[in-house]
Every structure is written in C-alpha cells, then in structure tokens.
1. Test N2 against the criterion of being touching a Pro at 6+ places or on another chain (Cβ under 9 Å), of a type in the set (S, T, N, Q) and modelled with pLDDT under 90, and give yes or no.
2. Could you give me the residue pairs with C-beta distances under 6 Å whose first residue belongs to the stretch 42-60 and is surrounded by 10 or more Cβ atoms within 10 Å (Cβ to Cβ), whose second residue is among the hydroxyl-bearing types (S, T, Y) wherever it lies, and which are 6+ apart or on separate chains?
3. Could you please find all residues in the stretch 68-91 being small (G, A, S) and open to solvent by 90 Å² or more (accessible area, probe 1.4 Å)?
4. Hey, can you tell me all the residues within the stretch 16-41 that are closer than 30 Å to L202 by Cβ and either in contact (Cβ under 8 Å) with a residue 12 or more places away in the chain or touching a Ser or Thr at 6+ places or on another chain (Cβ under 8 Å) (or both)?
5. Please specify each residue of the stretch 117-174 satisfying the condition of being assigned to a loop (DSSP other than H, G, I, E, B), open to solvent by 10 Å² or more (accessible area, probe 1.4 Å) and among the hydroxyl-bearing types (S, T, Y).
6. What residue, of S81, S65, is farther than 16 Å from F17 by Cα, assigned to a helix (DSSP H, G or I) and either touching a Leu at 6+ places or on another chain (Cβ under 9 Å) or among the small types (G, A, S) (or both)?
7. One residue is enough: does the stretch 323-342 have a residue meeting the conditions open to solvent by 50 Å² or more (accessible area, probe 1.4 Å), of a type in the set (G, A, S), at pLDDT 75 or above and more than 34 Å from the chain's Cα centre (by Cα)?
Amino acid sequence: MNPTGDVALQQRNLILFSVGVMLLIIGPVMVLTVLFAWRYRRGNPNKVYDPDFDHSTTLELVIWSCPLLIIIALSAVTWTSTHLLDPFRPLERLAPGVPVPPGTKPLNVQVVALDWKWLFIYPDLGIATVNELALPVNVPVRFAITASDQFNTFYAPTLAGMIYAMPTMRSELNAVLNKPGESWGYSGNYTGRGYSDMRFKLRGVEAADFDRWVSAVKAEGGSLALSNLVDLIKPSERVPAMRFASVEEGLFDRTLNRCVEPGKPCMIDLMRRDMEADREPGRDRAHPHGGAAMRSGRAAEPLVGGKPKPALDKAPEEKGSGPNVTAPAQSDPPGALEPGSAHNRDHQ
C-alpha cells in the first residue's frame, strides 16, 4: 500500500476504490442490523407492529437497485483495469499525466527464480546480479520471467505486484519506478525450507546513479557462464547479494528450454524436430530424433541432475534402514528380575 511505481499505484487505487464501493452496502447493512434489533426489541413500548404490511415499492427499489449499481460499477472498473494493467501490455505512461516519450527503449531484465534466490540478468548491459535488482526511475522496464524447477511467484509490491514464474514458461511484466529508494521483493509461493529467505533488494535510483551502479558492477569482476550457472542453480539458502561483471549470452533461454547441463537437448530443438517428424509420413514419431522423445509434465527431467527415484520403486538395499521408533514397548520376560522364584510360574 506504499507504491513507488505507477503500476503499483494503479493497483492500490483499484483496491481502495473497490473496498470503498463495497462499504456503501456493507456499512448501512451493519448499522441497520443493530438499529432494527434495538428498535423492535420486546421491551420497547413505542415499537410499531403492522400485521397487514406485505409490500413496499420504494423499499424494493432501494434493496435491488443499490447492489445492482455497485455490481455494474465494479464490473466496469475491473474490466477496464484488467486490460490496462495487463502485465504483457507495454506501458503507455510513466506516471499520471506523463506519457511514455516516443522512441523510448525499455530496460530489459531477465528474471530466473532459483532455489532459493533470484537471478537478474541485464542482457542489454551484459551484467547480472543475485538477490539485488537496481532500476533507474522513470524508465520503462520489461521483465522476462521464468523459474528453474519450482513453480514460483515474482513479487515486488512497491513496483507492480506479483506475477508467476514457472519452469519451461516465459512470463512478462512491464513496469516503471517513479521514486528513488529501497524496498524488498519476495517469493509469493511457498517452495520449501529456503522460501522465507528468498527475497531481493529492490533499488530505485536516478539515471546518473544507475550508470554509476552499472560501472561498479562491471568493475567488481567475475562472470556468469554456463559452467557456474549449474552451481548457482543448485538449492542454497540465505544467499547474499552477488554481482557478475559479464554474462554469457543465452543463459536465460537455456534455462527456459532446460538445457543448462552439457549434453541435454533444448526443448525448443526437440519440439522443432517433433513438428518436422509430424510432417514426414512414415517417420517414427515416438523417437523422431533417434533418442528419447520430448517429455512433458511430471515426466520432465530436472534442470540439473536426474529425477529422484520414488521410494516405492527402490529395492530394499537402496532404501537403507534406521531405528524403529514406533516399536511397542516390551516388558521384561518372566523371571528376569527374580531368577528361581516360584512366582514366575504365575506370569507364564
């Protein structure tokens, strides 16, 4: 509720408007409920009892017209806002009354939700960061969003709300920051033990400060290539902010197409070959490229490493063993405490 970007500002105003309109009905209903109970209580000597009352046109008009008007108003506002705030829709304004200047080129940022950290790639600048997102104010930003292995949610409440980040899918978000300052971004979807610390710092800076920030990142050295991306993808918790002065081209697309590890074919190549196989009569469609066919859904392999084997499919030696913590307690055998006693026969 404290936006620093125009999209978040419009979302906040939409929430406040909707709540205010709904209170036009909820408020009077709550007040009249108490008023009627007090006025027509049993002990009120001045209450009016009219056994012949059965209809009031005025009352019927009020009861039906007010909710109907509110539903029409909310429907119109929701329909308009849904299209205006479509995350895929390029921005038409930077702020209320400030249109985007013609020819303005948006800043492209590629976002990858990892376990449990956020990777931001600036393809136009050739740099990348982890758990740190810096943006110049009053510059349109176009985010391309995906995830490594888990269904996630990119959530920057002061910038533009949240949007889903899903493996093998590319989401998009267009937004702009209007005020310099720092805030936090989060994951809005529970993804396991490292979820609580999966957050990033969102920095809004002036254009000159953003150029200095880019220069500082490039001066710190280090590079993000395919080899260290494999290590970065592995689950880790409470990862501090990281900066990379250079980025190998195409890392976002390789993550999206699940071909980060050497030797793994890219989804887009498999799909292209499948389409070609469909057009060739007599070709083996189950194995159109001589190997495994394109897998989908739960059959898909993880981005790094192999798919875990279910416990029910494992052999006993693969499952291992541990202490039996649910075994029932056993008492001592008869005679264990009094060897040779005649009372031991009573317990046998």
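1. For N2, the condition - touching a Pro at 6+ places or on another chain (Cβ under 9 Å), of a type in the set (S, T, N, Q) and modelled with pLDDT under 90 - is met.
2. K47/Y40
3. none
4. Across the stretch 16-41, the qualifying residues are F17, S18.
5. Listed by number, the residues that qualify are T158, T168.
6. Among S81, S65, only S65 is farther than 16 Å from F17 by Cα, assigned to a helix (DSSP H, G or I) and either touching a Leu at 6+ places or on another chain (Cβ under 9 Å) or among the small types (G, A, S) (or both).
7. Within the stretch 323-342 (the criterion being open to solvent by 50 Å² or more (accessible area, probe 1.4 Å), of a type in the set (G, A, S), at pLDDT 75 or above and more than 34 Å from the chain's Cα centre (by Cα)), the answer is yes, since at least one residue qualifies.
Quick grid of which residues meet (1) within 20 Å of F143 (Cα to Cα); (2) surrounded by fewer than 17 Cβ atoms within 10 Å (Cβ to Cβ); (3) out of contact with any Leu (no Cβ under 6 Å at 6 or more places or on another chain):
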{"position": "E237", "(1), (2), (3)": "no, yes, yes"}
{"position": "R243", "(1), (2), (3)": "yes, no, yes"}
{"position": "V247", "(1), (2), (3)": "yes, no, no"}
{"position": "L251", "(1), (2), (3)": "yes, no, no"}
{"position": "D274", "(1), (2), (3)": "no, yes, yes"}
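The values are calculated or read from the model by the stated rules, or taken from the named source; none is laboratory data. Note that the coordinates shown come from a computational prediction; the quantities given were computed from them, not determined experimentally. We place every Cβ from the backbone using ideal geometry, glycine too, and count neighbours over all the protein chains shown. Heavy atoms of the whole protein, side chains included, go into the accessibility calculation; ligands, DNA and RNA do not. Shrake-Rupley method; radii C 1.70, N 1.55, O 1.52, S 1.80 Å.
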